[in-house]
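Worksheet: the structure to be examined is printed underneath.
The values are calculated or read from the model by the stated rules, or taken from the named source; none is laboratory data. Here the structure is a predicted model, which means the values were calculated and not measured. Glycine gets a Cβ as well: all are built from the backbone with ideal geometry, and neighbour counts include every protein chain shown.
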Amino acid sequence: MSLPIQPISPLDGRYRAAVAEIGEYLSEAGLNRARVHVEVEWLILLADRGMFGVEALNAADQAELRRFAADFGQEQIDQLAALEAVTRHDVKAVEYLIREHLTSVGLDRVAELVHFACTSEDINNLAYALTIGDAVDRVWQPKLDAAIAALTDLAVATRAVPMLAHTHGQPATPTTMGKELAVVVHRLQRQRARAAALAPMGKLNGATGTYAAHLAASPETDWPALSESFVTSLGLAWNPLTTQIESHDWQAELYQAISLANRILHNLCTDVWTYISMGYFRQVPQAGATGSSTMPHKVNPIRFENAEANLELSSALLDSLASTLVTSRLQRDLTDSTSQRNVGVALGHAVLALDNLTRGLGEIAIDEAKLAADLDANQEVLGEAIQTVIRAEVAAGRSSIEDPYAVLKELTRGRRVSAADLREFISGLEIGDAAKARLLELTPATYTGLASELVDTILR
């Protein structure tokens, strides 16, 4: 027995609830709603300018057309499906949909201004710019902001919690958990700002970007100026020079910024996962949740693993889009048409990842005792501090020790050194009394420099 028709993508199946907002914009229906909006606004503008002697639409008629565009829903989706089944052309179906509405409200007199002098890409590039811009502004950025806020809260809460750092996977100079998390926040803040600064661009200039049809119909009109006025009226930046297609460079730049944010988040996921495995973070058990189907003791870090995988998928798609969309054979090919239909999938995986990551950050608690135990067990990390102080004392003329680095290397490399061993070593050093007192008071837990204060960087 065959199954009823099923979604292939998990974004439309298992994870639908988490990513549904993306469908409001980056779906076929969302694209068609934007197409209707663009076509209606172009019609209104041309009529308003009295093009070809057409009388301007009054306020009520303009309001009716804008209501029609704004109320785009299932009825219009069904109508478009029926029209496209005949036209075999999605943008032409939109044109006929609007023409039918004009007839129904007694506005046939302006029907020839629908899609006037436009190539399909004139409508599509503007519709995509609107939908992608809205999806990023209204869905992706708020999700990213929520993750940044959760991470910021955790960074602030743990700003003074000392932690054994690991470079090359080996014990290194101590830091604080909050400072390390703040580094990620700072990186994400930069990419968030970068993405927000990229203005969606659009064009309306005809079949090969020359305004040829426009000029043939009205040689006296300044069509580039009219195009710029129209595009900017939609809230988009104007691209003054294109082939048939808008070049999509702005999209590539945006996807690169989002992809980089994804990779920063991916790095966070793998680090938090590692901290959980090390015992630095405990996962807070959720009521009714099962960790392992056979090992009852386990609480698996599934939020971070899910986020990690979805970030990888999102970046793979975004990188492909960024490289594909900026190339087109001669004046146009259709590689961009198929590619752009996957923007929603790429952002959907990013949004799903952000949802899981934010939830995951709210389900972990720091284990300060574990962090303290690791610091106490790695006294040798103070070797950096000791040799640096000795060098300062030599420079100041208060010590004659030769090659302080080599001295500490001999003491600590590949060896476990106790706190007592270090105190004995420091006590025997030829250095000033003040320097010796500072070193004797130092512990791995207190050797964190300005780590706590550096967290303030992300709060400015």
Query raised in the report: Hey, does the range 222-232 have a residue that's assigned to a loop (DSSP other than H, G, I, E, B) and modelled with pLDDT of 95 or more?
Result: yes
Query - Residue under evaluation G449, criteria (1) part of a helix (DSSP H, G or I); (2) closer than 26 Å to V183 by Cβ, criterion not met - result: (1)
**Report entry** Conditions (1) in a loop (DSSP other than H, G, I, E, B); (2) of a type outside the set (G, A, S); (3) in contact (Cβ under 8 Å) with a residue 60 or more places away in the chain; number of the one not met by L198
**Finding:** (3)
**Report entry** Residues being at pLDDT below 95 and outside any loop (DSSP other than H, G, I, E, B) - total across the range 283-309
**Finding:** 2
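Consider P224 carefully, then state whether it is within 29 Å of T335 (Cα to Cα) and surrounded by fewer than 23 Cβ atoms within 10 Å (Cβ to Cβ).
Criteria met by P224.
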Report task. Check A157, A193 and return the single one that is more than 30 Å from S337 (Cα to Cα) and surrounded by fewer than 23 Cβ atoms within 10 Å (Cβ to Cβ). Result -> A157
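Might you check whether a residue that is at pLDDT 95 or above and either assigned by TED's automatic domain parsing to the domain that holds Y15 or among the small types (G, A, S) (or both) occurs anywhere in the range 262-271?
Within the range 262-271, not a single residue is at pLDDT 95 or above and either assigned by TED's automatic domain parsing to the domain that holds Y15 or among the small types (G, A, S) (or both).
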Query raised in the report: Would a scan of the range 190-201 turn up a residue that is under 30 Å from Y96 (Cα atoms) and under 22 Å from the mean Cα position of the chain (by Cα)?
Result: yes
Query - Within the range 11-65, considering residues that are assigned to a loop (DSSP other than H, G, I, E, B) and among the charged types (D, E, K, R), the one surrounded by the most Cβ atoms within 10 Å (Cβ to Cβ) - result: E24
Query raised in the report: Looking at the range 410-421, which of the residues that are among the charged types (D, E, K, R) and assigned to a helix (DSSP H, G or I) is surrounded by the fewest Cβ atoms within 10 Å (Cβ to Cβ)?
Result: E410
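Okay, residues lined up against (1) in a helix (DSSP H, G or I); (2) in contact with a Phe, Trp or Tyr (Cβ under 9 Å, 6 or more places away or on another chain); (3) of a type outside the set (A, V, I, L, M):
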| position | (1), (2), (3) |
| --- | --- |
| K143 | yes, no, yes |
| A165 | no, no, no |
| L188 | yes, no, no |
| Q191 | yes, no, yes |
| A207 | no, no, no |
| L215 | yes, yes, no |
| T243 | no, no, yes |
Report task. With respect to R329, determine if the residue is without any contact (Cβ under 8 Å) to a residue 24 or more places away in the chain, in a loop (DSSP other than H, G, I, E, B), in contact with a Ser or Thr (Cβ under 9 Å, 6 or more places away or on another chain) and not small (G, A, S). Result -> yes
Requested in this report: List the number of the failed condition for E112; all other conditions in (1) more than 30 Å from N262 (Cβ to Cβ); (2) in the same structural domain as L215 (by TED's automatic domain parsing) hold.
Outcome: (2)
Query - Meets criteria (touching an Asp or Glu at 6+ places or on another chain (Cβ under 8 Å), surrounded by fewer than 19 Cβ atoms within 10 Å (Cβ to Cβ), in the same structural domain as L215 (by TED's automatic domain parsing) and in a helix (DSSP H, G or I)) for R138 - result: yes
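Against the definition (within 20 Å of the chain's Cα centre (by Cα) and either buried (at least 18 other Cβ atoms within 10 Å of the Cβ) or assigned by TED's automatic domain parsing to the domain that holds I366 (or both)), how does A165 come out, yes or no?
no
Is it fair to say V184 is touching a helix residue (DSSP H, G or I) at 6+ places or on another chain (Cβ under 6 Å), assigned by TED's automatic domain parsing to the domain that holds S323 and not acidic (D, E)?
yes
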Query raised in the report: Can you tell me which residues in the range 422-454 are of a type in the set (A, V, I, L, M, F, W, C), surrounded by 14 or more Cβ atoms within 10 Å (Cβ to Cβ) and within 24 Å of D376 (Cα to Cα)?
Result: L422, F425, I426, L429, A435, L439, L442, A445, A451, L454
**Report entry** Selection within the range 240-272 - in contact (Cβ under 8 Å) with a residue 40 or more places away in the chain and among the β-branched types (V, I, T)
**Finding:** T243, I245, I258, I264, V272
